Amino acid sequence: MTDSIVIGVDIGGSHITAMGVNIHTKELLHSFVSRKHVDCNDSADSILNTWTDALSEVISLIPGGEVHGIGFAMPGPFDYPTGIAHFKGVMKYDNLNNVNVGAEIYQRLNLSRQIPVRFLNDATCFAIGEAWMGPAAAYKRSMAITLGTGFGSAFLDDSIPVEEGNEVPESGCVYHLPFGSSNADDHFSSRWFKRVYEERFSRESCGVKEMSMEAEKNPEVRAIFTEFGQNLGNFLAPWLVRFRAGCLTIGGNISRGYHLFEQPFLVALRSHNCNTEVFLSTLGEDAAIAGSARLTDDSFYLNLPFISNK
């Protein structure tokens, strides 16, 4: 059914992935996909041209060339309801600052305004996608986190993000909360691994992927992952308990080394009487694509906090 096909888009720091999604059958259409490299420090026009090219390629693959909505999983800072970027001083996409990305997409693709073009935070889209198509779909309440260059999070109730109230931190985000000598983002991201590795071994770290390979043979490196798991469990457990989350889904590049910190992480959770089920993302990057595609469904989108509270 071509009238069910929309496009989900994942915007990363160095790439765009756009894919067709059938929102009626909840099917990711891997034959309708385009992935392109993006220089996030390029000019606004060049970035938007690359994004538009990727979208045009997917549209050309859809029978009849008709698309019925486009959803973007977009990093912040970004005004998601209006589609205006606020990438100032964040070292990526700074040249898009104050650009109305939504208006640009409509104009560059010559889209009818009847076709929704919508945006939401990439970590939130990941969580929505997991709650829609992943194991989290079996749970009323869930939390999802992404572990990578930053620490993303979202709390969901019946697939809708929860961003206020006593059960979640402000905006439903945990990255800014105090932990250790600074905040959670400093401790649960690739920066922490790099910093700790270089402090302990007095040599440059090549990245978490290489560290995880070294940890398989070197107990001292493995200890870094153990510490990470303990810290993560101790930090998340109170929020999982407070939110009464049935499950936690973990994604992001660091999750590829989950086997190295799984046991200390679970032990830390249980020490706080947290019995939340834990899943590794099986959808990976596709979770954000699925979640962004779901934004095109009015019956879902109009229930999002920043829409329903108006």
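Just so it is clear, none of the values below were taken in a lab; they were calculated from the coordinates. From a predicted model like this one, the values you see are computed outputs, not experimental measurements. All Cβ positions, even for glycine, are placed from backbone atoms using ideal geometry, and neighbour counts span all protein chains on display.
Structure notes:
- Annotation: amide H of TYR93 within the under-5 Å range of ASN41, sequence separation 5 or more or interchain, hydrogens built in the peptide plane.
- Other residues lying with their Cβ under 13 Å from the Cβ of ASN100 contribute a combined charge of -1, Lys and Arg counting +1, Asp and Glu -1.
- Computed over the chain with a Gaussian network model linking Cα atoms closer than 10 Å, the most mobile of ASN100, ASN234, ASN166 is ASN166.
- Using only alpha-carbon positions in segment 13-96, the gyration tensor eigenvalues give semi-axes of 25, 15, 11 Å once each is multiplied by 5 and square-rooted (largest first).
- For segment 135-281, alpha-carbon Rg relative to the globular expectation (2.2 N^0.38 Å, N residues): 1.03
- Whole-Hz Karplus values for segment 117-133 come out as 10, 10, 9, 7, 3, 5, 5, 5, 4, 4, 5, 5, x, 5, 6, 8, 10 Hz, taken residue by residue from phi with 6.51 cos²θ - 1.76 cosθ + 1.60 and θ = phi - 60°; glycine and proline positions read x.
- Dipole magnitude of segment 2-121 about its Cα centre (Cβ charges: Lys, Arg +1; Asp, Glu -1), debye to nearest 20: 200 debye
- Most tightly packed first, judged by the mean number of other beta-carbon atoms within 10 Å of their residues, the peptides 199-211, 288-300, 123-135 read 123-135, 288-300, 199-211.
- For segment 286-299, the Karplus equation 6.51 cos²θ - 1.76 cosθ + 1.60, evaluated at θ = phi - 60°, returns couplings of 5, 5, 5, 5, 4, x, 5, 4, 5, 4, 7, 8, 4, 5 Hz by residue, with Gly and Pro reported as x.
- Within the chain, helix-based [θ] at 222 nm, where runs of 4 or more DSSP H residues each add -39,500 (n - 2.57), nearest 500: -11500 deg cm²/dmol
- Charge tally around ALA136: other residues with Cβ under 13 Å, Lys/Arg +1 each, Asp/Glu -1 each, net -2.
- Whole-angstrom gap from segment 26-93 to segment 255-310, using each part's C-alpha centre: 22 Å
- Under the criterion of Cα pairs below 8 Å and six or more residues apart, the relative contact order for segment 2-121 equals 26 percent.
- Interchain or long-range residues, amide H under 5 Å from PHE179's placed H: ALA184
- Vicinal HN-Hα couplings computed from phi for segment 210-216 (Karplus, 6.51 cos²θ - 1.76 cosθ + 1.60; Hz; Gly/Pro x): 5, 5, 5, 5, 5, 5, 5
- Seen from ALA268, the other residues with C-beta closer than 14 Å to its C-beta sum to a net charge of -1, counting Lys and Arg as +1 and Asp and Glu as -1.
- Residue pairs, from the table LYS92/LYS194; LYS88/LYS209; LYS194/LYS217; LYS36/LYS209; LYS26/LYS88, whose Cα atoms sit over 27 Å apart: LYS88/LYS209; LYS26/LYS88
- Annotation: amide H-H contacts under 5 Å for VAL278 (H modelled 1.01 Å from N, sequence separation of 5 or more, or interchain): LEU248.
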